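Peer 1: Take a look at the following structure, please.
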Ligand SMILES: [Zn+2]
């Protein structure tokens with residue numbers, strides 16, 4: 001008898017809980033439908049920080065950015081959570097970089113396209129960069145960034161033609177700032193006694209080829225690709241030979257190898273930021289892509305003895 005009553009109670013509880021969850025879900029759905037209608041903002045999912053920053057620059061008040069790689073996380077090896085995937089699938093578009101820094105997005109993209117959600121894989125839309133390129137660090141080349149901004153204007157205008165003039169104006173202002181930054185890089189790095197740097201991972205090849213200096217990375221394209229003992233020995237020899245005086249490290253990679261190389265070659269260590277994401281300290285200090293690019297310029301001028 002007791003067992004029977006307990007069984008009935010359990011079944012009643014399960015039905016009540018299911019009903020409650022169903023109603024709760026409905027009310028959340030109603031709320032979100034309401035808020036979309038009210039704000040008229042475009043929800044855009046973006047894989048990595050620099051693309052989120054550029055999209056925000058163009059979209060301004062008319063976009064809500066959902067950055068998938070969390071702040072303070074190194075993106076090369078980030079795996080999205082189920083909630084990330086739901087966020088992407090409920091957005092109006094996905095903007096991602098390609099060439100492996102956000103490899104998860106390659107797996108999600110076909111499904112999104114099937115559902116009619118536009119996907120902008122940036123590296124596929126940059127003339128001068130091969131679709132087969134294995135170097136994803138296109139956000140560190142200011143000329144390539146300008147093209148990225150233009151692609152974002154196109155995407156937002158396709159999604160929301162009513163605000164085309166706003167997106168174009170926002171982009172024009174930002175493209176002007178990027179031109180100024182590009183000029184400062186050109187002028188700042190033209191007169192340097194050294195034309196070579198040692199970086200923590202292989203993030204600066206586009207930047208180096210744009211402003212004509214050579215990068216010797218300690219790790220590979222991903223910070224996870226650590227060097228062998230022989231590679232480290234060769235790098236130590238090269239630092240001595242070329243009289244390189246600064247060994248760079250970066251925020252998401254352990255500085256151990258940079259410090260060891262610096263100690264062995266009596267060089268200094270300094271930060272060169274690949275701007276793959278913002279740490280909480282950087283966000284708290286109000287830093288952003290543009291500010292970090294300027295800090296990088298100052299660091300490069302010092303390391304390459306530019307006047
Ligand atoms: Zn990288």
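Just so you know, all these numbers are worked out from the coordinates, no wet-lab data involved. These figures come from a predicted structure and were not determined experimentally. Virtual Cβ from ideal backbone geometry, glycine too; neighbours counted across all protein chains shown.
Peer 1: Would you work out the relative contact order for the stretch 39-184, in percent, from Cα pairs under 8 angstrom that are 6 or more residues apart? Please report the intermediate quantities before stating the final value.
Peer 2: Numbers: 200 pairs, mean separation 35.5, N = 146.
The value is 24 percent.
Peer 1: Also, quick follow-up: Quick check on the chain: helices-only [θ] at 222 nm, where DSSP H runs of length 4 and up contribute -39,500 (n - 2.57) each and the sum goes over total residues. Nearest 500, please.
Peer 2: On the way: 11 runs with 163 residues, N = 307.
Taking each H run of at least 4 residues, the total per residue is -17500 deg cm²/dmol.
Peer 1: Computed FRET efficiency, Cβ-Cβ of residue 143 and residue 172, R0 22 Å: what is it to the nearest 0.05? Display every interim value, and only then the final one.
Peer 2: On the way: r = 16 Å, r/R0 = 0.75.
Taking R0 as 22 Å, the efficiency between residue 143 and residue 172 is 0.85.
Peer 1: Between residue 130 and residue 307, 0.36 nm times their residue separation minus their Cα-Cα distance comes to what? Walk me through the intermediate numbers first.
Peer 2: On the way: separation 177, 0.36 × 177 = 63.72 nm, distance 3.45 nm.
Stretched fully, the residue 130-residue 307 segment lengthens by 60.3 nm.
Peer 1: Taking the mean number of other Cβ atoms within 10 Å as a proxy for protection, how do you rank 271-277, 166-172, 46-52 from highest to lowest? Kindly include the intermediate steps, with their values, before the conclusion.
Peer 2: Working: 271-277: 23.4, 166-172: 17.9, 46-52: 26.1.
Listed from highest to lowest mean packing, they are 46-52, 271-277, 166-172.
Peer 1: Considering the alpha-carbon set of the stretch 189-303 alone, what are its Rg and its Dmax in angstrom?
Peer 2: Spelled out, the Cα radius of gyration and Dmax of the stretch 189-303 are 13.8, 41 Å.
Peer 1: Go ahead and run the numbers for FRET between residue 64 and residue 89, Cβ-Cβ distance against an R0 of 22 Å, rounding to 0.05. Each step should come with its number before you reach the end.
Peer 2: Numbers: r = 15 Å, r/R0 = 0.70.
Calculated transfer efficiency: 0.90.
Peer 1: A follow-up question, please. From a point 7 Å beyond the Cα of residue 295 in the direction of its Cβ, which residues of the stretch 254-289 have a backbone N at a distance under 13 Å?
Peer 2: 270-289
Peer 1: Output the peptides 140-146, 203-209, 228-234 sorted from most to least packed, where packing is the average of other Cβ atoms within 10 Å over each peptide's residues.
Peer 2: Values: 140-146: 20.3, 203-209: 21.9, 228-234: 11.1.
Top to bottom by mean Cβ count within 10 Å: 203-209, 140-146, 228-234.
Peer 1: Taking neighbour Cβ counts within 10 Å as the exposure measure, how do 247, 83 sort from fewest upward? Can you show the working numbers first?
Peer 2: Working: 247 29, 83 9.
Listing 247, 83 from fewest to most nearby Cβ atoms yields 83, 247.
Peer 1: Another one. Any chance you could give the angle, 0 to 90 degrees and rounded to 10, that helix 2-39 forms with the longest Cα principal axis of the chain?
Peer 2: 60
Peer 1: Given labels modelled 7 Å from the Cα in the Cβ direction, how far is it in nm from residue 264 to residue 162?
Peer 2: Roughly 6.2 nm, to one decimal.
Peer 1: Let me ask another. State the Cα centre-to-centre distance between the stretch 276-307 and the stretch 230-268 in whole Å.
Peer 2: 20
Peer 1: If you don't mind, there's one more thing I want to ask. Would you calculate the separation in nanometres between label points at residue 115 and residue 212, each defined as 7 Å from the Cα along the Cα-to-beta-carbon direction?
Peer 2: 4.9
Peer 1: For the chain, take the longest principal axis of its alpha carbons; what is the angle in degrees between that and the long axis of helix 289-303, to the nearest 10 within 0 to 90?
Peer 2: Result, in degrees: 20.
Peer 1: Cα extents of the chain along the three principal axes, largest first, in whole Å?
Peer 2: 88, 56, 37
Peer 1: Each label point is 7 Å from the Cα along the Cα-to-Cβ direction; what then is the distance between the points at residue 193 and residue 279, in nm?
Peer 2: 3.0
Peer 1: Same structure, new question: Compute the long axis of helix 49-59 from its Cα atoms, compare it with the longest principal axis of the Cα atoms of the chain, and write down the angle in degrees, 0 to 90, nearest 10.
Peer 2: 70
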